[in-house]
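S.K.: What follows is a structure written as structure tokens; I'll ask about it next.
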Amino acid sequence: MADLSINLAGIRSPNPFWLASAPPTNTGYQVQRAFEAGWGGAVWKTLGEPIINTSSRFAAVHFGGQRVAGFNNIELISDRPLEVNLREIAETKKRFPDRAVVASLMVEPTREKWHEIVKMVEAVGVDGLELNFGCPHGMAERGMGAASGQQPDLVELQTMWVKEVATTPVIVKLTPNITDITATARAAVRGGANAISLINTINSLAGVDLDSWNTVPHVGGKGAHGGYCGPAVKPIALNMVAECARNPEVGVPISGIGGISDWRDTAEFLLMGATGVQVCTAAMHHGFRIVEDMIDGLNDYLDEKGLSSIAELVGQTVPRYSDWGNLDLNYKVVARINRDICINCNKCHIACEDTSHQCIDMLTDPSGSYLEVVEEDCVGCNLCSIVCPVDGAIDMVELVPEQEPVTWNERQSAIAMLQSVRDQSTKEAIS
């Protein structure tokens with residue numbers, strides 16, 4: 001069995017699966033039940049000033065028969081008294097000393113407030129702190145959460161204030177509601193962060209009730225934007241994790257968050273540079289016991305790959321992730337249809353004919369009708385294989401390159417150099 005333990009900036013846990021700061025980590029009862037099920041760590045639901053929540057709070061987006069493809073909430077940070085949370089954190093840590101217990105924190109952006117709460121939570125034995133600069137609603141209107149997290153200077157300053165008194169590792173949780181998340185990641189590092197976690201939820205409105213015309217959810221007939229998470233946000237989160245992982249000015253461990261539902265999602269985040277992951281929506285949908293399959297699946301995957309530990313997986317795909325300008329313009333794949341497997345549903349033909357490059361012909365021979373790709377017209381967009389309902393019916397096949405690899409950046413450099421030579425020749429001719 002592979003070693004699934006992780007060490008995220010000095011915070012150790014027996015496996016990479018942590019519960020994110022959210023409703024599943026609202027009480028000691030819940031966190032202890034999660035640890036009994038096998039979770040390696042938990043980030044306690046955000047602690048801060050006294051909060052009053054609304055009712056209702058949650059909504060979900062169901063798509064194509066899948067329940068909870070996306071999840072929306074307008075719930076705020078913990079509305080339980082701070083002293084109760086602190087007592088339960090201490091009890092939980094005492095009962096599960098080998099699990100990571102991290103306190104998520106959010107206070108008014110003043111040095112005194114940060115110093116005060118850091119000292120209080122560290123006194124009860126937490127393994128680390130997560131500064132919540134991500135929540136997009138409710139607290140942001142008071143200058144906290146995403147309101148701070150969208151300004152790199154405030155992220156840097158408040159992280160610095162925390163580091164002035166913190167004795168445990170400090171994780172800065174980043175908002176995705178920003179153009180370039182590496183800007184705030186770098187600010188957190190300048191402030192002294194030991195690690196970053198991303199992403200928090202995305203600004204959203206789950207929907208509108210077509211009968212009542214109320215927003216979903218609504219509070220007495222009025223709605224407000226909330227935070228969106230769940231499987232639908234995974235591609236956005238994965239990209240942001242990768243952008244931070246490949247940025248040399250970030251350079252701190254990453255706790256990956258965003259739509260992680262199983263061991264496969266986890267492996268993808270680890271490959272893109274996350275040291276561990278945090279999970280919320282999947283646990284809310286299916287319960288704490290999902291971690292059992294996550295642990296077994298990840299362990300089997302590492303064994304299959306011949307890896308002895310999680311550390312050997314972390315970041316392996318990062319060097320393969322770059323800017324578009326560095327991609328080979330002469331690399332080419334084409335679609336090929338396997339007639340033995342194809343069921344002639346024609347979805348690929350319709351998709352290609354209506355919305356792509358019109359390169360799948362409908363043909364007939366003595367055995368009946370069939371589909372065939374005109375390879376010289378195929379641009380390798382993948383659309384036909386994406387819409388095909390039968391695995392293996394369409395393969396995307398790599399062609400032998402007819403020309404040397406060249407990227408857009410190399411092409412532009414070559415053009416600029418050629419132009420420079422021409423300009424110089426013109427000057428010499430004139431003179």
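The values are calculated or read from the model by the stated rules, or taken from the named source; none is laboratory data. This is a predicted model, so every value here is computed, not measured. Cβ sites come from the backbone with ideal geometry, for glycine too, and all protein chains shown count toward neighbours. Side chains included, ligands, DNA and RNA excluded: accessible areas come from the protein's heavy atoms. Shrake-Rupley method; radii C 1.70, N 1.55, O 1.52, S 1.80 Å.
S.K.: Taking the criterion of being in contact with a strand residue (DSSP E or B) (Cβ under 9 Å, 6 or more places away or on another chain), at pLDDT 95 or above, among the hydrophobic types (A, V, I, L, M, F, W, C) and under 25 Å from Leu238 (Cβ atoms), would at least one residue in the stretch 139-150 satisfy it?
M.R.: There is no residue in the stretch 139-150 that is in contact with a strand residue (DSSP E or B) (Cβ under 9 Å, 6 or more places away or on another chain), at pLDDT 95 or above, among the hydrophobic types (A, V, I, L, M, F, W, C) and under 25 Å from Leu238 (Cβ atoms).
S.K.: Inspect all residues belonging to the stretch 386-403 and state whether any of them is of a type outside the set (Phe, Trp, Tyr) and assigned to a helix (DSSP H, G or I).
M.R.: Residues of the stretch 386-403 of a type outside the set (Phe, Trp, Tyr): 386-403.
Next, from what is left, pick out any that are assigned to a helix (DSSP H, G or I): 386-387.
There is at least one residue in the stretch 386-403 that is of a type outside the set (Phe, Trp, Tyr) and assigned to a helix (DSSP H, G or I).
S.K.: Inside the stretch 299-320, can you point out the residues that are open to solvent by less than 60 Å² (accessible area, probe 1.4 Å), farther than 15 Å from Ile254 by Cα and not in a helix (DSSP H, G or I)? Break it down stepwise before answering.
M.R.: Within the stretch 299-320, the subset open to solvent by less than 60 Å² (accessible area, probe 1.4 Å) is 299, 301-302, 307, 309-310, 313-315, 317-318.
Adding the requirement that they be farther than 15 Å from Ile254 by Cα leaves 299, 301-302, 307, 309.
The answer is Leu307, Ser309.
S.K.: Let me ask something else about it. In the stretch 67-118, which residue that is in a loop (DSSP other than H, G, I, E, B) and open to solvent by less than 10 Å² (accessible area, probe 1.4 Å) is nearest to Pro217 (Cα to Cα)? Outline the logic, then answer.
M.R.: First, pick out the residues of the stretch 67-118 that are in a loop (DSSP other than H, G, I, E, B): 74-81, 96-99, 107-110.
Checking the rest, the ones that are also open to solvent by less than 10 Å² (accessible area, probe 1.4 Å) come to 77-78, 107.
Working: Ile77: 18, Ser78: 20, Val107: 26 Å.
Per the criteria, the residue is Ile77.
S.K.: Would you say Ala59 is touching a Pro at 6+ places or on another chain (Cβ under 6 Å) and either aliphatic (A, V, I, L, M) or surrounded by fewer than 24 Cβ atoms within 10 Å (Cβ to Cβ) (or both)? Lay out the reasoning, then the answer.
M.R.: Working: touching a Pro at 6+ places or on another chain (Cβ under 6 Å): yes; either aliphatic (A, V, I, L, M) or surrounded by fewer than 24 Cβ atoms within 10 Å (Cβ to Cβ) (or both): yes.
Taking the combined requirement at face value, the residue satisfies it.
S.K.: Ok, one more. Just to be sure I understand, how many residues within the stretch 393-417 are exposed (fewer than 11 other Cβ atoms within 10 Å of the Cβ), small (Gly, Ala, Ser) and closer than 17 Å to Val334 by Cα?
M.R.: Counting residues in the stretch 393-417 that are exposed (fewer than 11 other Cβ atoms within 10 Å of the Cβ), small (Gly, Ala, Ser) and closer than 17 Å to Val334 by Cα gives 0.
S.K.: Also, quick follow-up: Filter the stretch 3-19 down to residues that are among the small types (Gly, Ala, Ser), buried (at least 18 other Cβ atoms within 10 Å of the Cβ) and out of contact with any Lys or Arg (no Cβ under 9 Å at 6 or more places or on another chain), then give me how many there are.
M.R.: Step one: of the stretch 3-19, the residues among the small types (Gly, Ala, Ser) are 5, 9-10, 13.
Filter once more, keeping what is buried (at least 18 other Cβ atoms within 10 Å of the Cβ): 9, 13.
Now restrict to residues that are out of contact with any Lys or Arg (no Cβ under 9 Å at 6 or more places or on another chain): 9.
Total satisfying the criteria: 1.
S.K.: Can you tell which of Gly125, Gly64 is open to solvent by 30 Å² or more (accessible area, probe 1.4 Å), of a type in the set (Gly, Ala, Ser) and free of Cβ contacts under 8 Å to residues at least 24 places away in the same chain? Reasoning before the result, please.
M.R.: Details: Gly125 fails: free of Cβ contacts under 8 Å to residues at least 24 places away in the same chain.
None of the others qualify; the one that does is Gly64.
S.K.: For the subset of the stretch 259-289 comprising residues that are open to solvent by less than 30 Å² (accessible area, probe 1.4 Å) and assigned to a helix (DSSP H, G or I), which member is farthest from Ala2 (Cα to Cα)? Break it down stepwise before answering.
M.R.: Filtering the stretch 259-289 for residues open to solvent by less than 30 Å² (accessible area, probe 1.4 Å) gives 259-260, 265-267, 269-270, 272-283, 287.
Among the residues that remain, those that are also assigned to a helix (DSSP H, G or I) are: 265-267, 269-270, 281-283.
Details: Asp265: 18, Thr266: 15, Ala267: 14, Phe269: 18, Leu270: 15, Thr281: 27, Ala282: 24, Ala283: 24 Å.
The extreme case among them is Thr281.
S.K.: For the stretch 364-393, which residues satisfy the criterion of being under 15 Å from Arg339 (Cβ atoms) and free of Cβ contacts under 8 Å to residues at least 40 places away in the same chain?
M.R.: Thr364, Asp365, Pro366, Ser367, Gly368, Ser369, Tyr370, Leu371, Glu372, Val373
S.K.: State whether one or more residues within the stretch 131-139 are within 22 Å of the chain's Cα centre (by Cα) and open to solvent by 20 Å² or more (accessible area, probe 1.4 Å).
M.R.: Among the residues of the stretch 131-139, at least one is within 22 Å of the chain's Cα centre (by Cα) and open to solvent by 20 Å² or more (accessible area, probe 1.4 Å), which makes the answer yes.
S.K.: Filtering the stretch 191-212 down to residues that are in a strand (DSSP E or B) and either of a type outside the set (A, V, I, L, M, F, W, C) or open to solvent by less than 20 Å² (accessible area, probe 1.4 Å) (or both), which residue is farthest from Leu8 (Cα to Cα)? Explain how you work it out, then say what you get.
M.R.: Applying the first criterion (in a strand (DSSP E or B)) to the stretch 191-212 yields 195-198, 202-204, 207-208.
Next, from what is left, pick out any that are either of a type outside the set (A, V, I, L, M, F, W, C) or open to solvent by less than 20 Å² (accessible area, probe 1.4 Å) (or both): 195-198, 203-204, 207.
Values: Ala195: 7, Ile196: 10, Ser197: 11, Leu198: 14, Asn203: 28, Ser204: 30, Gly207: 38 Å.
Among those residues, the one meeting the criterion is Gly207.
S.K.: Still on this structure, I have one more. Tally time: how many residues in the stretch 233-258 are open to solvent by 30 Å² or more (accessible area, probe 1.4 Å) and either in contact with a Cys (Cβ under 8 Å, 6 or more places away or on another chain) or more than 15 Å from Leu198 (Cα to Cα) (or both)?
M.R.: The total comes to 2.
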